1. Return a yes/no flag: does the range 112-120 have any residue that is part of a loop (DSSP other than H, G, I, E, B), among the aliphatic types (A, V, I, L, M), exposed (fewer than 13 other Cβ atoms within 10 Å of the Cβ) and modelled with pLDDT of 70 or more.
2. Residue 80 - would you say it is hydrophobic (A, V, I, L, M, F, W, C), surrounded by 17 or more Cβ atoms within 10 Å (Cβ to Cβ), more than 30 Å from residue 109 (Cα to Cα) and touching a residue at least 24 places away in the same chain (Cβ under 8 Å)?
3. Every residue in the range 108-147 that is farther than 15 Å from residue 11 by Cα and among the hydroxyl-bearing types (Ser, Thr, Tyr), please.
Amino acid sequence: MQISTKGKYAVRAILNIAHHPKETPVSLAAISKEEGISLLFLEQIFQSLRKGEIVRSLRGAHGGYVLARDPSDITIGEIVRLLEPPLYTSSCFSKHEAVDDCRIADSCLGFVLWKQLAELVDGFLDSITIADMVTQARPEVVYSLRVKSNRMLPEKARKETSPEPLEVV
């Protein structure tokens with residue numbers, strides 16, 4: 001699975017807004033400059049984010065965008081799903097055949113594997129909120145994500161990949 005540039009930029013833009021004081025509007029021009037993202041591309045992204053009730057716009061001379069909800073109520077998974085097609089939607093036989101309509105889904109072990117992978121990825125991304133990302137120092141965020149991903153692994157794999165403690169500088 002690969003998250004597109006659109007999905008990555010959406011997360012960066014939301015994190016940018018979340019770093020500003022609550023209810024302080026941030027213009028797309030400011031986000032564009034600070035994040036190095038094309039203004040036209042941000043306009044496309046923010047249409048989806050607005051429809052998905054992640055952000056709301058404030059008009060006026062000092063207008064811009066603010067988060068529509070508390071950062072602890074917005075997950076990375078929610079943002080990514082607004083901009084990305086679902087991880088596992090087409091069958092192995094055809095890009096136009098929905099996976100749930102696959103003619104051998106009942107007997108195919110691959111179907112189960114890919115479906116569970118999609119659920120694990122969604123579960124992991126849904127376990128991370130915007131608040132998690134902005135309220136901790138970077139080393140704490142990295143360690144926290146390692147711990148969360150390790151909890152998703154079976155016991156044997158957990159022992160083999162247990163995270164090394166991070167040195168906080």
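The values are calculated or read from the model by the stated rules, or taken from the named source; none is laboratory data. Note that this is a predicted model, so its numbers are computed, not measured. Neighbour counts are summed over all protein chains in view; Cβ atoms, including those assigned to glycine, are modelled from backbone coordinates with ideal geometry.
1. Just the residues of the range 112-120 that are part of a loop (DSSP other than H, G, I, E, B), to begin with: none.
No, the range 112-120 contains no residue that is part of a loop (DSSP other than H, G, I, E, B), among the aliphatic types (A, V, I, L, M), exposed (fewer than 13 other Cβ atoms within 10 Å of the Cβ) and modelled with pLDDT of 70 or more.
2. no
3. 135, 143, 144
Okay, residues lined up against (1) closer than 30 Å to residue 50 by Cβ; (2) over 13 Å from the mean Cα position of the chain (by Cα); (3) modelled with pLDDT of 70 or more:
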{"site": "68", "(1), (2), (3)": "yes, yes, yes"}
{"site": "77", "(1), (2), (3)": "yes, no, yes"}
{"site": "80", "(1), (2), (3)": "yes, no, yes"}
{"site": "84", "(1), (2), (3)": "yes, no, yes"}
{"site": "88", "(1), (2), (3)": "yes, yes, no"}
{"site": "91", "(1), (2), (3)": "no, yes, no"}
{"site": "100", "(1), (2), (3)": "yes, yes, no"}
{"site": "107", "(1), (2), (3)": "no, yes, yes"}
